[in-house]
Amino acid sequence: MAYKFGKTSKRKLATATVRLRSVMNEAIRISPMDFGIAEGHRSLSTQKKYFKEGKSKLDGVTKLSKHQQLPSHAVDIYAYYNGKAQWDKESIIFLAGIIMAVAKKMRVRLRWGGNWDGDGVIIHDQSFQDLVHFEVIP
């Protein structure tokens, strides 16, 4: 079964760069698991809120998020099954493998929030986890 993004995911993905949109559209096309786009562009007020809640290490003022650019250089995803958005670590890591493989095949450099330094060691060698986050590397 080939999955497609719903209206809300399409709207959020539309705020991202062309390269990021291309990767995500190909990833959903080939993925054996459905997923959606939780966020593309992010307002300053939302960025400040996420910083205050510890969901981001960037305050949105002195340190800008890739989500704050227009077009957005980052998206956040979620898995979709049992009729709703899911955020479990196993599903997100599975989807990250698909997304990163698609990006590599398309020669788009991405950074994933589960492997910030890109060394292939996921989760264990970093202090801040943002497994749902994918950003374009210029």
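Against the test of being farther than 24 Å from LYS104 by Cβ, in contact (Cβ under 8 Å) with a residue 12 or more places away in the chain and either part of a loop (DSSP other than H, G, I, E, B) or open to solvent by less than 40 Å² (accessible area, probe 1.4 Å) (or both), the options GLY60, GLY54, GLY36 yield a single qualifying residue, GLY60.
Taken residue by residue, segment 73-87 has at least one member that is of a type in the set (Gly, Ala, Ser) and under 12 Å from the mean Cα position of the chain (by Cα).
From the list GLN69, GLN47, which residue is surrounded by 19 or more Cβ atoms within 10 Å (Cβ to Cβ), more than 14 Å from the chain's Cα centre (by Cα) and not aromatic (Phe, Trp, Tyr)?
Just one listed residue meets the conditions, GLN47.
Residues that are among the hydrophobic types (A, V, I, L, M, F, W, C) and assigned to a loop (DSSP other than H, G, I, E, B) were ranked within segment 94-122; the one that is least open to solvent (accessible area, probe 1.4 Å) is VAL108.
Answer with yes or no whether GLY40 is in contact with a strand residue (DSSP E or B) (Cβ under 6 Å, 6 or more places away or on another chain) and not aliphatic (A, V, I, L, M).
On the way: in contact with a strand residue (DSSP E or B) (Cβ under 6 Å, 6 or more places away or on another chain): yes; not aliphatic (A, V, I, L, M): yes.
In short, yes.
Here LEU70 meets each of (1) more than 18 Å from LYS12 (Cβ to Cβ); (2) assigned to a loop (DSSP other than H, G, I, E, B) with one exception, condition (1). A count restricted to segment 83-93 and to residues that are part of a helix (DSSP H, G or I), touching a residue at least 40 places away in the same chain (Cβ under 8 Å) and open to solvent by 100 Å² or more (accessible area, probe 1.4 Å) stands at 1. Here the condition is being open to solvent by less than 70 Å² (accessible area, probe 1.4 Å), touching a residue at least 12 places away in the same chain (Cβ under 8 Å), farther than 18 Å from MET33 by Cβ and acidic (Asp, Glu); of ASP125, ASP130, it holds for ASP130 alone.
The values are calculated or read from the model by the stated rules, or taken from the named source; none is laboratory data. Everything quoted here is computed from the prediction, not taken from an experiment. In this analysis, Cβ positions are derived from the backbone assuming ideal geometry, glycine residues included, and neighbour counts consider all displayed protein chains. Keep in mind that these areas ignore ligands, DNA and RNA; they rest on the heavy atoms of the full protein, side chains included. Shrake-Rupley method; radii C 1.70, N 1.55, O 1.52, S 1.80 Å.
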